[in-house]
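K.L.:
Below you'll find the structure I mean.
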Amino acid sequence: MVPPEFLGRRVWAGRLSDMPAFVRPMFVKLAEHKHTGIPAAIHTSSGQFAEAAAAVLGTGIESLSVVVSEPLAFRREFRTFITDGKVTAASFYLSTVPGASGAPVTLTWDAFTDAGTAPNTDEATRFAQRVVDAMGGNQPLGYTLDVGQLGDGSWAVVEANAAWSSNIYHADPAGAIESILAAQAPGHPDWEWRPDSFFAVKARALPHL
């Protein structure tokens, strides 16, 4: 639902069985789950990703939900919590800066003690609100929208996630809770979370203690 001008690159989402073939490096991630064996990463080809996924998950991976996008080098990344079309909380969470030797150094949110010492979120909040406004009324009541700044100073959407499973980092807890509660509001079946069908089939009940 994000207008292309806010993405900064081509993005595709769907089942692995329908994933467009590619033979150049592309960023691929599982759409609905985090799996340590298949981390979000750059993959050299669609075949290489499929082989890597099959090696970890076995057969039936055609039903996996995945997101494929052209790689972007984000300099700084921020998480914003969206509640009924408004940004209600935001936090810095990642940046890549040149080190003393010139090699890139990754700096994460926990390098700062609180929101007051972390990078300012005002610009990220304004960009995220522009994205949300452009999307209009057809969007979830509560979710997180990660946005990032590129080396040339421009901004682009990183990804969106469920508010109730997203780290709040240094974001205002009250604003994050607003978003989480909005995500649980009844009466919005189009935006109910549904587990990835591949993992749903393999799910098993917890054993009785």
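K.L.:
So which residues in the range 148-176 are in contact (Cβ under 8 Å) with a residue 24 or more places away in the chain, open to solvent by less than 60 Å² (accessible area, probe 1.4 Å) and assigned to a loop (DSSP other than H, G, I, E, B), if there are any at all?
P.N.:
Correct list: S154, A162, S166, I168, Y169, H170, A171.
K.L.:
Among the residues of the range 77-97, are any basic (K, R), within 29 Å of E178 (Cβ to Cβ) and either open to solvent by less than 60 Å² (accessible area, probe 1.4 Å) or within 16 Å of the chain's Cα centre (by Cα) (or both)?
P.N.:
Yes, because at least one residue in the range 77-97 is basic (K, R), within 29 Å of E178 (Cβ to Cβ) and either open to solvent by less than 60 Å² (accessible area, probe 1.4 Å) or within 16 Å of the chain's Cα centre (by Cα) (or both).
K.L.:
Let me ask something additional. Can you pull out the residues in the range 177-199 that are at pLDDT 85 or above, loosely packed, with under 13 Cβ neighbours inside 10 Å and of a type in the set (A, V, I, L, M, F, W, C)?
P.N.:
If the condition is that a residue be at pLDDT 85 or above, loosely packed, with under 13 Cβ neighbours inside 10 Å and of a type in the set (A, V, I, L, M, F, W, C), then A185 is the only one that fits.
K.L.:
With respect to the numbered conditions (1) in contact (Cβ under 8 Å) with a residue 40 or more places away in the chain; (2) more than 29 Å from Y169 (Cβ to Cβ); (3) open to solvent by less than 60 Å² (accessible area, probe 1.4 Å), which one is the sole condition not fulfilled by A54?
P.N.:
The single condition A54 does not satisfy is (1).
K.L.:
Kindly indicate the residue of the range 113-147 that is open to solvent by 10 Å² or more (accessible area, probe 1.4 Å) and among the acidic types (D, E) and also nearest to E192 (Cα to Cα) among those meeting that condition.
P.N.:
D133
K.L.:
Continuing with the same structure: Out of R76, R15, I need the residue that is at pLDDT below 95 and in contact with a strand residue (DSSP E or B) (Cβ under 7 Å, 6 or more places away or on another chain). Which one?
P.N.:
One residue alone meets the criteria, R15.
K.L.:
Looking at the range 2-58, which of its residues are over 18 Å from K202 (Cα atoms) and within 14 Å of the chain's Cα centre (by Cα)?
P.N.:
Listed by number, the residues that qualify are V2, L7, V11, W12, A13, F27, V28, K29, P39, A40, A41.
The values are calculated or read from the model by the stated rules, or taken from the named source; none is laboratory data. Note that the structure is a prediction, hence the values are computed from the model and not measured. Neighbour counts run over all protein chains shown; Cβ positions are idealised from the backbone, glycine included. For accessibility, only protein heavy atoms count, side chains too; no ligands or nucleic acids. Shrake-Rupley method; radii C 1.70, N 1.55, O 1.52, S 1.80 Å.
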